[in-house]
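The structure appears below as structure tokens.
Every read-out reported here was derived from the displayed coordinates using simple, explicitly stated rules and does not represent laboratory data. What you see is a predicted model, and the numbers here were worked out from it, not measured in a lab. Cβ: placed from backbone, ideal geometry, glycine included. Neighbour counts: every protein chain shown.
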Amino acid sequence: MKVIKTKIEGVLILEPKVFRDERGFFCESFNQREFLKQTGTDVAFVQDNHSHSVQGVLRGLHYQLKQPQGKLIRVVRGKIFDAVVDLRPSSPTFGKWESFQLEEENHQQLWIPPGLAHGFLVLSESADVLYKTTQYYEPEHERTLKWNDSEIGIQWPLEQVNELKLSEKDGAGMSWKEVKKEILH
């Protein structure tokens, strides 16, 4: 596994070794011992999630105020634009965002440590996204940062989709100003 550091501390791109031949491919999608060795991060995953979405679906930007989740994201079918926002007050990149393109072809995975908001936009006809979490989903602690907050300024590639599709919850996310006030309070 190859590990690539990003601009936001702790966020990592993981490239597993992929063995291809005329039959298809094989890759080890997760190995606890190798993850610890390569990232220095000792985590226990408690939940696996599978999201299937059609083109134009934007999910996020989600986070949990209490019991924040670390997430290991991978796309097994399709292609997504994945975005994270650093919500850790002590971080030098607090309030900054970064984006990644994850797709079935490159097998890259994204490690998002606890304390970041996460969301993605489906660019392909559909996408299947699998992700492991370090904490259980706790709906009473879940929050949504507005996906298009002008102060954060994520540059979503909306020109690559025919129609944007948001859930009511995701469309009604909190502004960065509101999120910051709640986090720093």
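Here are the numbers:
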| item | result |
| --- | --- |
| Top of F35, F26, F45 by mean-square fluctuation, Gaussian network on the chain, Cα under 10 Å | F26 |
| Choice from D21, D86, D149 with maximal GNM fluctuation in the chain (Cα, 10 Å cutoff) | D21 |
| Fluctuation leader among T144, T41, T134 - the chain, Gaussian network, Cα springs under 10 angstrom | T41 |
| Overall Cα dimensions of the stretch 44-184 - principal axes, largest extent first, Å | 39, 35, 28 |
| MRE, 222 nm, helices only [DSSP H, n ≥ 4, -39500 (n - 2.57), over the chain, to nearest 500] | -3000 deg cm²/dmol |
| Which of I112, I8 has the fewest Cβ neighbours within 10 Å, and the rest in rising order | I8, I112 |
| Filtered GluC sites (Glu not before Pro), the stretch 39-125: DSSP coil and at most 12 other beta carbons within 10 Å | E105, E125 |
| Options H50, I183, A117, ranked by Cα towards positive dipole end of the stretch 44-184, top entry (Cβ charges) | I183 |
| Packing-based exposure ordering (other Cβ within 10 Å, fewest first) of F81, F94 | F94, F81 |
| Residue order, fewest to most beta carbons within 10 Å, for R77, R59 | R77, R59 |
| Contour minus Cα-Cα distance for L158 and L36 (0.36 nm per residue) | 40.3 nm |
